[in-house]
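S.K.: Structure below; questions to follow.
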Amino acid sequence: MGDFLRDQWWVVAIFIGTLVPLVRRFASVGAMEALRTLDRRWIFLLMLWSVLFPIYFIGVTGRTFPELPSALAHSTFDELDRLAPGDPVLLSFDYDPASEGELQPMATAFVKHCAEKKLKMYFMSLWPVGPQMVQNTVDKVIRPDYPRLVYGQDYVNLGYKSGNEAVIRVITTNIRELYTTDSRGTAMQDIPMMNGITSVQQMKLIINVSAGYPGVKEWVQYAATPYATLHLVAGTTGVQAPLVYPYVPRQLRGLLGAIKGAAEYEKLVIDTYGGPNPDPKYLEGLRRMGPQLVAHLLIIMLILVANFLYFADKRAVGR
Amino acid sequence: MKRTVPLLITAVVGFTLIGAYFVPYTQSWGETVAIWFDVLAAIAFILGGGNLLRSHLKRISDQQSGWAYSIIVLVSFLGTLFVGLGKIGAAPSPQFPDYGWSGNYRQTGSAFWYSYQYAFQPLTATIFALLAFYIASAAFRAFRAKNLEASLLLATAFIVLLGRTFAGVALTAWIDPANWQGFRYFTGLRLENLTVYIMAVFNTAGNRAIMIGIALGIVATSLKILIGVDRSYLGKD
């Protein structure tokens, strides 16, 4: 850290420079009054720095915080790892660019894990922009790092279908009722890996990356619950994770919550399949834990300061 | 007639779906209804597009406040529709190289791809990222330990906020049986373990109660709609 601050002294200078007016205000009106009348734009600035500084630090040094995978991350990893090469898995990417920052690292890790295990990947989406998320992940992971995987034989993008949970309802019994072509317009009978696949019940595992409705809750209600042989694991946003915890462990075999979950899962995948020098794109979750740490500490500090002011004012009124 | 037919359709479809869930013989009926729903959902996009055009054109013609934004909406909507349907810039599919329109509209390098990659994606990601700033501001202005419940909520928030980062691990790493054998009974107090405990026990219990309550409410409301007691969804006319 010391070396970083010495080398990147100009970042520290800009940081201090931006906060000079705030320090001057503290000096002129007093700390309590300055805090009481604190303009929210100062809070915005602090949040900007608390995110920007760790991103820059991790970008320059390449160092990340150590991560200890939780039991849920282990169970998610084990569900995929127990599968044999050639087993079919359904990957439903039900999110959009708004949640990409939170969910893309786990989508990337899921696809890497599937590719390493040589599983047959069937991509689909219940969100209109989901196919783009699938395409981005394929372009990021499969095309450059697993060029031996052939579209139509090892992975296929079935694309988006409107209808939300009704889509799940139909494809769990007959996938071809809704999907007559893949997202490129190729007929199902012309896709080799679709031979013999008639319903989602044939999938050895469903992997859902979900940012809301329709998403993991619908997959639990319309796929994993009525068909007990279907195993489901999910990666969700931080907001959504507490809502789907009640489905763990029987209806939901594994759950990754937000960036923390992604970082834990990434660690397991990288430790097992990453090699000595893993590509930084497979460490995105771990890298994003840095900004999350500082931002969380800032929020805690703001709450503590605000409560200190509250009790100080209450005490003053009491006197 | 105007109200009876929709009521009848609702009742028939609703009871068919309920029956299809419980009676194996009628399972295929449920699938057929679900396919109809998917077709209707696709048609709803056309209705939605039409409604968007109508409401924004009206705003522009009436020059209501913010009508300039409506122009932006319409230009973006029609522009995306045009480049997507027209597959502008998309190369023909290798299967049908003689047909210019056979390519994928999302193909890398197509106009739709550009608009998605360089307009839609950064804009939506930016809007969502603003949330962090408002959460920080709200943390300073709203979260006060005014009573016992609020204090408990704050304490829980602190544990989860710390437990979801390396700070939680670092702060309570000293609760380690390697430091003192007696700590083996207290490892559950480490912040990362407390976070898991809060999520798995308190959160799950609370959410399950809420979910069961909501489910019972949905059953009651659905039955009222299916048997025609609640007709509010049909509107006033």
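S.K.: Take A:MET133 and decide whether it is within 14 Å of chain B (Cβ to nearest Cβ), in contact with a strand residue (DSSP E or B) (Cβ under 7 Å, 6 or more places away or on another chain), within 30 Å of B:TYR114 (Cβ to Cβ) and crowded, with 22+ Cβ neighbours inside 10 Å. Lay out the reasoning, then the answer.
M.R.: Values: within 14 Å of chain B (Cβ to nearest Cβ): yes; in contact with a strand residue (DSSP E or B) (Cβ under 7 Å, 6 or more places away or on another chain): yes; within 30 Å of B:TYR114 (Cβ to Cβ): yes; crowded, with 22+ Cβ neighbours inside 10 Å: yes.
When the stated conditions are applied, A:MET133 passes them.
S.K.: Go through the range A:89-103 and count every residue that is closer than 19 Å to A:LEU230 by Cα and either touching a Leu at 6+ places or on another chain (Cβ under 7 Å) or assigned to a loop (DSSP other than H, G, I, E, B) (or both).
M.R.: Final tally of qualifying residues: 3.
S.K.: Answer with yes or no whether B:ILE159 is at pLDDT 90 or above, surrounded by 13 or more Cβ atoms within 10 Å (Cβ to Cβ) and touching a Phe, Trp or Tyr at 6+ places or on another chain (Cβ under 8 Å). Before the answer, list the steps.
M.R.: Values: at pLDDT 90 or above: yes; surrounded by 13 or more Cβ atoms within 10 Å (Cβ to Cβ): yes; touching a Phe, Trp or Tyr at 6+ places or on another chain (Cβ under 8 Å): no.
Here the answer is no, as B:ILE159 does not meet what is asked.
S.K.: Right, another one. Consider B:ILE227 against the criteria (1) within 9 Å of chain A (Cβ to nearest Cβ); (2) in contact (Cβ under 8 Å) with a residue 12 or more places away in the chain; (3) under 30 Å from B:THR16 (Cα atoms): it satisfies all of them except one. Which criterion is unmet?
M.R.: Going through (1) within 9 Å of chain A (Cβ to nearest Cβ); (2) in contact (Cβ under 8 Å) with a residue 12 or more places away in the chain; (3) under 30 Å from B:THR16 (Cα atoms) one by one, B:ILE227 breaks only (1).
S.K.: Which condition does B:GLY168 not pass, out of (1) part of a helix (DSSP H, G or I); (2) without any contact (Cβ under 8 Å) to a residue 12 or more places away in the chain; (3) closer than 20 Å to A:PRO66 by Cβ; (4) not aliphatic (A, V, I, L, M), if it passes all the others?
M.R.: Here B:GLY168 clears every test but (2).
S.K.: Follow-up. Assess whether B:LEU154 counts as being over 24 Å from A:THR186 (Cβ atoms), under 26 Å from the mean Cα position of the chain (by Cα), within 14 Å of chain A (Cβ to nearest Cβ) and without any contact (Cβ under 8 Å) to a residue 12 or more places away in the chain. Working first, answer last.
M.R.: Working: over 24 Å from A:THR186 (Cβ atoms): yes; under 26 Å from the mean Cα position of the chain (by Cα): no; within 14 Å of chain A (Cβ to nearest Cβ): yes; without any contact (Cβ under 8 Å) to a residue 12 or more places away in the chain: yes.
In short, no.
S.K.: Right, B:ALA145: farther than 23 Å from A:TRP49 by Cα, more than 7 Å from chain A (Cβ to nearest Cβ), of a type in the set (A, V, I, L, M, F, W, C) and not in a helix (DSSP H, G or I) or not? Break it down stepwise before answering.
M.R.: Numbers: farther than 23 Å from A:TRP49 by Cα: yes; more than 7 Å from chain A (Cβ to nearest Cβ): no; of a type in the set (A, V, I, L, M, F, W, C): yes; not in a helix (DSSP H, G or I): yes.
When the stated conditions are applied, B:ALA145 does not pass them.
S.K.: Could you grab me the full set of residues in the range A:20-38 that are exposed (fewer than 14 other Cβ atoms within 10 Å of the Cβ) and aliphatic (A, V, I, L, M)?
M.R.: If the condition is that a residue be exposed (fewer than 14 other Cβ atoms within 10 Å of the Cβ) and aliphatic (A, V, I, L, M), then A:VAL20, A:VAL23, A:ALA27, A:VAL29, A:ALA31 are the ones that fit.
S.K.: Turning to a different aspect of this structure: With the requirement that a residue be in a loop (DSSP other than H, G, I, E, B) and either over 27 Å from B:SER102 (Cα atoms) or at the interface with chain B (Cβ under 9 Å from one of its Cβ atoms) (or both), what does the range A:165-185 give you? Quick ask: steps written out before the conclusion?
M.R.: The first filter runs over the range A:165-185 and keeps only residues in a loop (DSSP other than H, G, I, E, B), leaving A:172-174, A:178-180, A:182-185.
The answer is A:THR172, A:THR173, A:ASN174, A:LEU178, A:SER183, A:ARG184, A:GLY185.
S.K.: Does B:ALA125 satisfy the condition of being facing chain A (nearest Cβ under 8 Å), small (Gly, Ala, Ser) and in a helix (DSSP H, G or I)? Talk me through it step by step, then tell me what you get.
M.R.: Values: facing chain A (nearest Cβ under 8 Å): yes; small (Gly, Ala, Ser): yes; in a helix (DSSP H, G or I): yes.
Yes.
S.K.: Could you tell me which residue of the range A:140-158 is farthest from the other protein chains (Cβ to nearest Cβ), considering only residues that are in contact with a Ser or Thr (Cβ under 8 Å, 6 or more places away or on another chain) and within 18 Å of A:PRO192 (Cβ to Cβ)?
M.R.: Here is the first cut: in the range A:140-158, the residues in contact with a Ser or Thr (Cβ under 8 Å, 6 or more places away or on another chain) are A:140-141, A:152, A:157-158.
Subset that is within 18 Å of A:PRO192 (Cβ to Cβ): A:152, A:157-158.
Details: A:GLY152: 11, A:ASN157: 10, A:LEU158: 13 Å.
Among them, the one singled out is A:LEU158.
The values are calculated or read from the model by the stated rules, or taken from the named source; none is laboratory data. All values derive from a computational prediction rather than experimental measurement. Cβ: placed from backbone, ideal geometry, glycine included. Neighbour counts: every protein chain shown.
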